[in-house]
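Beneath this line is the structure, given in structure tokens, with notes to follow.
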Amino acid sequence: MSDPRITSSIFTRGAVDLGALRGTPQPSAAPAPAARPAAPAAPATSSSATSFSVIDVTDASFRADVLERSMTTPVILDFWAEWCQPCKQLSPVLERLAEEGGGSWILGKVDVDANPGLAQAFQIQSIPMVAAVVGGQPVQGFAGALPEAQVRQYIDAVLKAAGVEAPQHEDPRLADADDALMDGDLDAAEAAYKKILGESPADQAAESGLAQVALFRRVDGIDAGATLSVAAGAPDDLPAQLLAADVEVLSGNATEAYNRLIKLIRRVFGDDREKVRRHLLSLFAIAGPDDPAVAGARRALANALF
């Protein structure tokens, strides 16, 4: 689904043709967007909404709930299914950030099993998949359960494209650094993150940003499919395995990347083992210490090392 060429841009304008959906017949009395009741939070993949910031989107309601609404408020779409385990990691993050956004954007949840028209229009080949609609036009998103820091960056980029001021959930220094990263100015982003860490050494967001800069530099211009193919045929090739792990993290498959490197650590020794360990720690930094996948991988790493 994603471009096989990996670049440092987390989102680009998409090529989805929404023409047919613009003309989707609507019921004579179109139902209002499904509002989530004021009750305890629903499970991640529940298709019932939690507030005015989160709505259920269907093939029939797409025109009113997404296209028309997007003329004034960006709509970010979460394509999910009940059976999708990674969706259960990503959906609660998106729902919480939508609440945090205070109406600056709307999260539209699309059950791909129940809404094949939308799944086809957005060329959904795997889930979770996130895309957006701004001013009636599609904005390409990302596939996989990315770390929260990268999800925030995507949301901020969508808001910026829509001319909407992003909620102030971080200090201006970090916002400037993230903007540089999103613009592909890795040198400026690196300098900004290092400056923050020089003033606040425990700033996890800046540490995550710096690790992302390093990741983007390592994968710049490579062919993701070819990289994974080479690694599959050379399980003991250190550079190939490290690069494959980078591709997996950038594709939203962080758990697979962690497992790949932990298995490699069990097979190598000395300087090679230390090199793989440091690489793995840099990938942990992208997601942050609170990520459940990182916590589990850290335990597995300790077992592999000792």
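General remarks:
- Net dipole in debye of the range 62-179 [+1 Lys, Arg Cβ; -1 Asp, Glu Cβ; about Cα centre; nearest 20]: 300 debye
- Three-way shape call for the range 79-133 based on the alpha-carbon gyration tensor, with the a/c threshold at 1.5: oblate
- Magnitude of the charge dipole, the range 142-258, Cβ model with Lys/Arg +1 and Asp/Glu -1, debye to 20: 60 debye
- With the simple model of a label 7 Å out from the Cα in the direction of the Cβ, Leu281 to Lys263 spans 2.5 nm.
- A straight chain from Ala60 to Asp176 at 0.36 nm per residue would run longer than the Cα-Cα distance by 37.8 nm.
- The modelled label-to-label distance between Met71 and Ile222, using points 7 Å beyond Cα along the C-beta direction, is 4.6 nm.
- Cα-based shape type of the range 242-306, given that a ≥ b ≥ c are square roots of the gyration tensor eigenvalues and the cut on a/c is 1.5: oblate
- Residues Asp111, Asp246, Asp272, Asp290, arranged from fewest to most other Cβ atoms within 10 angstrom of their Cβ, appear as Asp290, Asp272, Asp111, Asp246.
- Each Lys and Arg adds +1 at its Cβ and each Asp and Glu adds -1 at its Cβ; summed about the Cα centre, the range 221-305 shows a dipole of about 380 debye.
- Cα-projected label distance for Ala295 with Asp236, points at 7 Å along beta-carbon direction, nm: 3.7 nm
- Contour excess over end-to-end distance, with Cα ends at Ala114 and Asp271 and 0.36 nm allotted per residue: 51.3 nm
- The range 140-226 shape via C-alpha gyration tensor axes, a/c threshold 1.5: oblate
- Dipole axis of the range 221-305 (+1 Lys, Arg; -1 Asp, Glu on Cβ), positive-most option in Ala285, Ser229, Leu264: Leu264
- As a proxy for reagent exposure, Glu207, Glu165, Glu68 were ordered by neighbouring Cβ count within 10 angstrom, fewest first; the result is Glu165, Glu68, Glu207.
Only the coordinates and a few stated rules stand behind these numbers; no lab work does. Every value quoted in this text rests on a predicted model; they were computed, and no experiment measured them. We place every Cβ from the backbone using ideal geometry, glycine too, and count neighbours over all the protein chains shown.
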